[in-house]
Each structure stands twice: as C-alpha cells, then as structure tokens.
Amino acid sequence: MTADPALPDTATLLRQLLASGRLPKGAGPRGEKILAQLLAPVRVSVFGTPNSGKSSLINLMADEVLLPDGLALPPLQIAYGDQPKTFATLADGSEHHEDGFDPFRLSELEPAFAEVALPIPALRHIRLLEVVADESLRDQRAAVKWAAPRSDIALWCTIGFEPHEQELWGMVPDTLKDNSFLVVTMADQLAADGILKTHVGNVTAIAGDEFQGVFPVALKQALATSGPSGTPDGDTRASSGGPTLVSNIMRYVDRGRQARDDAALMFLSRFDALPQPVDEAESARQPGQDSAADRQAQARPVRAEPARHVEICETAYDYLRRRAVGLSEALPELGAAPHSSVLGYCVDTIEHLTDLVLDPDSGDQDFEQLADHVSEASEMMLLLQLENQAGPAADAVTLLLQLKRDFEERIVA
C-alpha cells in the first residue's frame, strides 16, 4: 500500500487523525505508537567481541571516519542532528553534555554510555549503536541482552565466528536474526594469506543459516582515502566489499521504513482518514450531470444477495469461534512469553479466513466490503507479526474478535 505523492505525507495525515478526536477508545495509543515508529530512524546495531572491527564498521556506515582505531569508548549511539552534540552518562550516574564531538575527550571521561548527534547525511534514516563489552563472556552476554531489544538490524563483526560468539548470537531473538548480517572483517589480511575464499566458506557453513548474508569486508581498504581532501578512493573502496555490504544493509533499512509507512497507511485506512485523489474528469462535470460512477450504478442490474454469501459468513463465523476456543485451550501450554505463538496462530487463522471469503464476482457491495476488511486485517496481521511482542499479539487477537463480530452481525442482519 503506497500513498499518492500529491497528497499529504503519511506522518502528517496520522497526526491530523490523532488530533481529530475521531478515534475510538483504545485506538489512540496504537496510533501514537505507529506515529513514533514512523518518525524514528531504523536502529542498526554493531555487535561483536573486542577488536573485531566494530568501530571501523561504524565509520563505514556513517561514510566518515568518526572513531579512531584502538580508542577505548563506551557503548556509543550515533544519530542525526543539526549540530554536533555529545551526551554522556558517567559511571556515577551523572549526565555530561557538551557541544561538538571529540572521541578522545569522550574516552577520557570514561562514561558508561554515550549518545552523539552529528549532521551527517548518511545518518538521516538510521541510528548506529556500537555494542561494547570487555573480554569477559559475562559482560558480553549482558551487552547482547541489553542491545538486542534496542535494535532493528544487527551486524555481527567477526573473524572466525568462534564457539563463544555462536553462544552469544544464540541469545539474539529470531526476529532480529531475520534482519542481520555477519561481517567477516580483516578480509584483506585473509586474502594476503591466500585463505579468504576457504575461510569465508567455513564461516558460511557454520553460520550461514543464522544470518541474511555473510560479507567479507576489508575495512581498512573500505575506508581508504586519497589526496589532502580525504575523499574516498572509489576503486580501492569498491574492491573492499564495503559498498556491497552497505547496499544490502540499506535495502533492509528501506524495507523497514516501508513497512512502517504501510502500517500507518493501513491504520489511516481503517478509520477512513486517507484523502482520495481528485478525479479531474469528475471535477469538471457540470452540476446536475451524472458521473461515470452514477451511470455505472444505474446500468448495473439489481441482484439479490446470493445465498452462498450467508453460508460463507456462517462458515467463517463458526471457524473463528472454533479457533478462539482452540487458542484459549492452548494458552496455558505456551509458557511465560506466548506472544510469538499467538501471533503465528492468528496469522494462520486470517490466511484461511481470506481464502474462505474470496469471491471475485460477488456483485454484493456489502459482502465485498466485509471481504476487504478481512484483506486489510490480513495485511495488518503480517505487520504485527514483524513486531513479535506482547502488545501486537493482543492487537492480532482483537482484530480476529472484531471480524468475528462482523460476521455475526452479517448473519443476523
């Protein structure tokens, strides 16, 4: 679902709907959440053990050398801002703010966490997070556990994806793994040793199914510059593997942004808040002159509601009732965090329901509208499944209950 470029942007329409007071009780918080997601940058987090090339990968993603090699820095979040600013949380819990960004000054402060705002074009749609931990496996586990819920896309820097890295990666939820890339760093050194192809093949055999791609990158080569201006050497950079990696990551970024826009458009559509493009032919119609739609409606023969539509509604209602009973019986066995299973159950239900109400030549506008509601609910369900959290799981169940009521009303009408 995409918006007409001549119409107001999705965020503006959603703000207008939220301010209108037209939303039913309970829909407002959902709309506010969709708006917040729509406006937020996609969160790209760089994971990996110490000295695996995380800072260099941050530099590559920012398209600018921000973090010097070998500098001890805290977990660091970098986002777009009109002016360079640094916000640091110190070890004692106090806050330190200053204009500009000096990584050496930041290192001297030894903060527990830092956020940096920079006016860099590459950061307009993404927010970078370098996940930092010391050598201990305990600290690395804590870092992964902390960072995973704060990430939309994960990049894992590695040389050989050793067993302890595999253990750490096992802590990452499947929803994040579905948007993850394994970056084999030091590819230039491996190539110089004549083992790059074999090494990447071995790593892919171990971890290929866990990531959306395995990318060998010569990070130093990718960041190579030439001349006093410090501009990247295009030929050197292209052969490093860096541009290929960044291109694939940005494709996932664009996909995530589109999914958020689609969710907002479906929310707007659900509450009839999408403006319709102006039909120039209709706007030029003289007063009293029938429109094309009017003439088509007059020419269309009046048809009695097919009996099969009542039968379809009864079948759909009975199916939803049985699925609701099945879900309530299964819940006690789903454990403390059942939302993933509930979402999957709801998606399976809506897919079967969509097949039930499919009637491309119904001629019954009321039934077609009901079928459209099922189709919209199916699209919304898939987006809720992407979030894979308790709130969206509850929303998915609510969607099915609303459809059940719609079919019940249709039967008794």
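Some notes on this structure:
- In region 95-115 there is no residue matching the filter, namely being in contact (Cβ under 8 Å) with a residue 60 or more places away in the chain, in a helix (DSSP H, G or I), under 27 Å from residue 137 (Cβ atoms) and more than 23 Å from the chain's Cα centre (by Cα).
- In this structure, residue 198 does not qualify as within 23 Å of residue 250 (Cβ to Cβ) and hydroxyl-bearing (Ser, Thr, Tyr).
- Test for residue 70: is it among the small types (Gly, Ala, Ser), in contact with a strand residue (DSSP E or B) (Cβ under 9 Å, 6 or more places away or on another chain) and at positive phi: no
- Among the residues of region 154-169, those identified as surrounded by 19 or more Cβ atoms within 10 Å (Cβ to Cβ) and of a type outside the set (Ser, Thr, Tyr) are 154, 155, 156, 157, 159, 161, 165, 168, 169.
Yes/no matrix, rows are residues, columns are (1) closer than 26 Å to residue 152 by Cα; (2) surrounded by fewer than 16 Cβ atoms within 10 Å (Cβ to Cβ); (3) at pLDDT 70 or above:
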| residue | (1), (2), (3) |
| --- | --- |
| 329 | no, yes, yes |
| 334 | yes, yes, no |
| 358 | no, yes, no |
| 368 | no, yes, yes |
| 396 | yes, no, yes |
| 402 | no, yes, yes |
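- Taken together, 214, 172, 200, 183 contain a single residue that is at pLDDT 90 or above, within 24 Å of residue 103 (Cβ to Cβ) and surrounded by 12 or more Cβ atoms within 10 Å (Cβ to Cβ), which is 183.
- Pairs, first closer than 19 Å to residue 269 by Cβ in region 373-401, second among the acidic types (Asp, Glu) and modelled with pLDDT of 70 or more, C-beta under 7 Å, six or more apart: 373/406; 378/351; 383/262; 384/395
- Among the candidates 237, 285, the residue that is modelled with pLDDT under 80, in the same structural domain as residue 191 (by TED's automatic domain parsing) and among the charged types (D, E, K, R) is uniquely 237.
Yes/no per residue for (1) surrounded by 16 or more Cβ atoms within 10 Å (Cβ to Cβ); (2) modelled with pLDDT of 95 or more:
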{"site": "16", "(1), (2)": "no, no"}
{"site": "24", "(1), (2)": "no, no"}
{"site": "35", "(1), (2)": "yes, no"}
{"site": "75", "(1), (2)": "yes, yes"}
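- Just one residue in the set 136, 151 is in contact with a Leu (Cβ under 9 Å, 6 or more places away or on another chain) and of a type outside the set (A, V, I, L, M); that residue is 151.
- Here region 141-182 is the region considered, the condition is being over 25 Å from residue 259 (Cα atoms) and among the β-branched types (Val, Ile, Thr), and the residue that is farthest from the chain's Cα centre (by Cα) is 159.
- Of the candidates 20, 94, 52, the single residue that is over 20 Å from residue 250 (Cβ atoms) and in contact with a Cys (Cβ under 6 Å, 6 or more places away or on another chain) is 52.
- Residue satisfying all of: in region 192-208; part of a helix (DSSP H, G or I) and among the aliphatic types (A, V, I, L, M); farthest from the chain's Cα centre (by Cα) among these: 192
- Within region 124-145, the residues that satisfy the criterion of being touching a residue at least 40 places away in the same chain (Cβ under 8 Å), surrounded by fewer than 21 Cβ atoms within 10 Å (Cβ to Cβ) and out of contact with any strand residue (DSSP E or B) (no Cβ under 9 Å at 6 or more places or on another chain) are 134, 135.
- The set of residues in region 116-130 that are closer than 18 Å to residue 65 by Cα and either part of a loop (DSSP other than H, G, I, E, B) or touching a Pro at 6+ places or on another chain (Cβ under 6 Å) (or both) comprises 118, 119, 120, 124, 126, 127.
The values are calculated or read from the model by the stated rules, or taken from the named source; none is laboratory data. Please read all numbers here as calculations on a predicted model, not as lab measurements. A quick note on method: Cβ atoms are made from the backbone with ideal geometry, for glycine too, and the neighbour counts reach across all protein chains shown.
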